[in-house]
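To start, the structure under review is shown below, and the notes come after it.
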Amino acid sequence: TAICTLRPETLSLHAGEICWPGGRREPEDVNLVATALREAHEELGIFQPRVLGRLSSVPLFTSDYRLEPFVTDVTAEDLTADPAEVAAVIELNVSAVLQRESLWAIPYTHNGRSLSAPVFEAGNAWMYGATAFVFYELLTVLAPLYGVPMPPFRTAPITWEDVLPENVADRLIGRGPLEDTDG
């Protein structure tokens, strides 16, 4: 099971989006693992997860942040969500996702190339963007362990306008959601 959260609508950044527990590095954090573990504790009350590894760093094109994901093994403890940071806890059944005939993706064009960005139904919302790319990478790592091939992409029944806030969609449509805005 992969655990993600729905951010409250009251937050200034990424409000109402599906995300992984996490946040900004604080001065007391000795490294990014410490940041991830502190944030998981603050947001979900997770104590002493076992760090299994790290996935690829992913830029967030709707803000000036990067996602630095770590995979952990969380024991069967009760999650205690902080309502100031978490509107809902969403559990995704990795095995069930890997058993699907196909995965949803939204097509787009970047530098003249046709590409697809994964999207996943998560509760009553859609996981998209960097969070979905991290989940997709996790699936590619786990598929061989489950002994199954990665399901291919199929065009999603939604568009970028359906999942992105209007002000973000206006900025990204036509430019491509994966274009690096840092230069």
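Annotations
- Positive-end residue of Leu139, Ala84, Ser116, charge dipole of region 1-153 with Cβ unit charges: Ser116
- Asp73-Asp29 FRET efficiency (beta carbon distance; Förster radius 25 Å; 0.05 resolution): 0.75
- Taking trypsin sites (Lys or Arg not before Pro) in DSSP loop states with no more than 14 other Cβ atoms inside 10 Å as exposed sites, the chain has its longest site-free stretch at 25-99.
- Contour excess over end-to-end distance, with Cα ends at Ser114 and Ala81 and 0.36 nm allotted per residue: 8.0 nm
- Ligands, DNA and RNA left out, the 1.4 Å accessible surface of region 1-136 is 49% carbon and sulfur atoms.
- For Ala117, the amide hydrogen comes within under 5 Å of the amide hydrogens of Ile106, Tyr108, counting only partners 5 or more places away or on other chains and with H modelled in the peptide plane.
- Net dipole in debye of the chain [+1 Lys, Arg Cβ; -1 Asp, Glu Cβ; about Cα centre; nearest 20]: 660 debye
- By the equivalent-ellipsoid construction on the alpha carbon gyration tensor, region 56-112 comes out with semi-axes of 27, 21, 13 Å, ordered largest to smallest.
- Here region 67-156 is treated with +1 on each Lys and Arg Cβ and -1 on each Asp and Glu Cβ, and its dipole about the Cα centre works out to around 660 debye.
- Restricting region 1-85 to chymotrypsin sites (Phe, Trp or Tyr not before Pro) in coil, as DSSP defines it, with at most 13 other Cβ within 10 Å: Phe47
- For Cys19, Cys4, the ranking by accessible surface with the largest value first comes to Cys19, Cys4, using a 1.4 Å probe.
- Diffusion of the chain by Stokes-Einstein, at 37 °C in a medium of 0.692 mPa s and with Rh set to the Kirkwood radius over alpha-carbon pairs, works out to 190 µm²/s.
- Dipole check for region 10-104: with +1 at the C-beta of Lys and Arg, -1 at the C-beta of Asp and Glu, and the Cα centre as origin, the magnitude is about 360 Debye.
- Considering only GluC sites (Glu not before Pro) in DSSP loops that have at most 16 other Cβ atoms within 10 Å, the longest stretch of the chain without any of them is 102-178.
- The modelled label-to-label distance between Ile3 and Gln48, using points 7 Å beyond Cα along the C-beta direction, is 1.5 nm.
- Couplings for region 100-107, taken from phi via the Karplus curve 6.51 cos²θ - 1.76 cosθ + 1.60 with θ = phi - 60°, read 5, 5, 7, 10, 6, 8, 9, x Hz in order; Gly and Pro are left as x.
- Long-range HN-HN contacts of Ala87 with modeled amide H, under 5 Å: Leu6, Arg7
- Residues with amide H under 5 Å from that of Ala81, placed H, sequence gap 5 or more: none
- Farthest toward the positive end of the dipole of region 1-145, out of Thr72, Leu60, Pro8, is the Cα of Leu60, where the dipole comes from beta carbon charges about the Cα centre.
- Ordered by solvent-accessible area of protein heavy atoms (1.4 Å probe), largest first, the residues His41, His110 come out as His41, His110.
- Computed with a 1.4 Å probe over protein heavy atoms only, the accessible surface of region 24-169 comes to 57 Å² per residue.
The values are calculated or read from the model by the stated rules, or taken from the named source; none is laboratory data. None of the values given here were measured: they were computed from a predicted structure. Glycine gets a Cβ as well: all are built from the backbone with ideal geometry, and neighbour counts include every protein chain shown. Quick note on the areas: whole protein, heavy atoms, side chains included, nothing else; ligands and nucleic acids left out. Shrake-Rupley method; radii C 1.70, N 1.55, O 1.52, S 1.80 Å.
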